[in-house]
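All of the numbers you see were taken from the coordinates with simple rules; none came from a lab. This structure is a prediction, so every number in the text was calculated from the model and none was measured. Please note: Cβ atoms are built from the backbone with ideal geometry, for glycine as well, and neighbour counts cover all protein chains shown.
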Amino acid sequence: MNLRFISFPLHLATNRTLTSAVSPKKLEAIAFLNTAPQTNPTEPSHEILFQYEPKDMREYFSLGLIHLKPSSKGFLKLNTTNPMDSPLIYTNFLSNPNDMEEILRGIAECLKILRSEEFAKLGLRTRKLKAPPCDQLRYGTDDYWRCVVRHVGHAADQPYGTCPMGSRENGQSVVSYELKVHGIENLRIVDASVMLPVSNGHTQATVYVIAEKASDLIKNSWDWGNELERSIPLPLRLSPAAAAFD
Ligand SMILES: Cc1cc2nc3c(=O)[nH]c(=O)nc-3n(C[C@H](O)[C@H](O)[C@H](O)COP(=O)(O)OP(=O)(O)OC[C@H]3O[C@@H](n4cnc5c(N)ncnc54)[C@H](O)[C@@H]3O)c2cc1C
């Protein structure tokens, strides 16, 4: 099971005071970046969410960080034999130490953005997050960020890959390339669970693509769409030569 981890380690206040009614909290922008372009320049390693969070006529915003390709893998188990019961989910977040180091690299990139000329105009002030166990650590050190990430991080709501697609022989896959469950006739899985860890951005659009593909596979296996041709008596069908003269 692949679960991304999201943390909002950076909260900031601008030098602006709001004069009118406070506008709602909103996600203003999303950025994708690659902290190690030498590995694969086209593959983003992190996503940054810029969230506007005005409060009490003051203007605040935060930067959320998603590490897109976590090395830590979770798993889930059936809890009971009743299919209506919830499964047991083991997220295993940050169990691979590389993930925390990748998150620190992402935070360093966020700080670079905040030090840019455009952001400097906002006269930013940092707001320390409420993470009491981290208070004794010096603000801004790697240990401080590690502590904050562990306390404010949570699942990024896009689980996938519990029934990955692949050949039966590899012993790890649940569905075939036609989305059929290995070993069971006439049962397909059509959702985010069949995804391999390939998605860079969010998962919804990929789910639509899987669903479109599944509808084609199902129609094809029932030979739907050819009813018209089947219903026309044979002599009336045009041969390719006749069609060319038509
Ligand atoms: C809070 C949140 C925000 C998100 N934001 C984004 C975003 O901004 N962009 C993006 O691309 N993705 C986003 N996602 C991810 C995206 O929603 C999922 O990747 C996508 O919905 C997965 O589709 P799915 O068909 O696999 O599962 P789901 O959409 O979860 O569909 C599963 C369906 O099965 C039904 N179901 C469950 N159990 C049973 C049962 N026993 N019998 C019958 N029906 C059952 C459920 O009611 C549900 O309708 C977000 C997810 C969350 C939770």
Peptides ranked, highest mean first, by Cβ atoms within 10 Å: ranges 42-51, 180-189: 42-51, 180-189
Please state the relative contact order of the chain as a whole percent: Cα pairs under 8 Å, 6+ residues apart? 20
For the chain, treating each Cα as an identical point scatterer without solvent, what Debye log10 I(q)/I(0) comes out at q = 0.11 1/Å? -0.77
Net charge near SER7: determine it from the other residues with C-beta under 11 Å of the C-beta of SER7, scoring Lys and Arg +1 and Asp and Glu -1. +3
Please work out the Cα center distance from region 1-35 to region 155-225, rounded to the nearest Å. 33
Tell me the net charge near THR206. Cut-off is 13 Å between Cβ atoms, THR206 excluded, with +1 for each Lys or Arg and -1 for each Asp or Glu. -1
For region 159-224, rounded, prolate or oblate, judged on the Cα gyration tensor with a ≥ b ≥ c (square roots of eigenvalues), a/c < 1.5 rounded, else prolate if a/b > b/c? oblate
Per-residue ellipticity at 222 nm attributable to helices in the chain (runs of n ≥ 4 DSSP H, -39500 (n - 2.57) apiece, nearest 500 deg cm²/dmol) works out to -7500 deg cm²/dmol
At 7 Å along the Cα-to-beta-carbon direction for both HIS182 and THR126, put a label point, then send me their distance in nm to one decimal. 4.9
Compute the angle between helix 142-152 and the longest alpha-carbon principal axis of the chain, please, reported from 0 to 90 degrees and rounded to the nearest 10. 60
Tell me which lysines have Cα within less than 29 Å of LYS130's Cα, excluding those fewer than 8 residues away on the same chain? LYS25, LYS26, LYS55, LYS69, LYS73, LYS112, LYS121
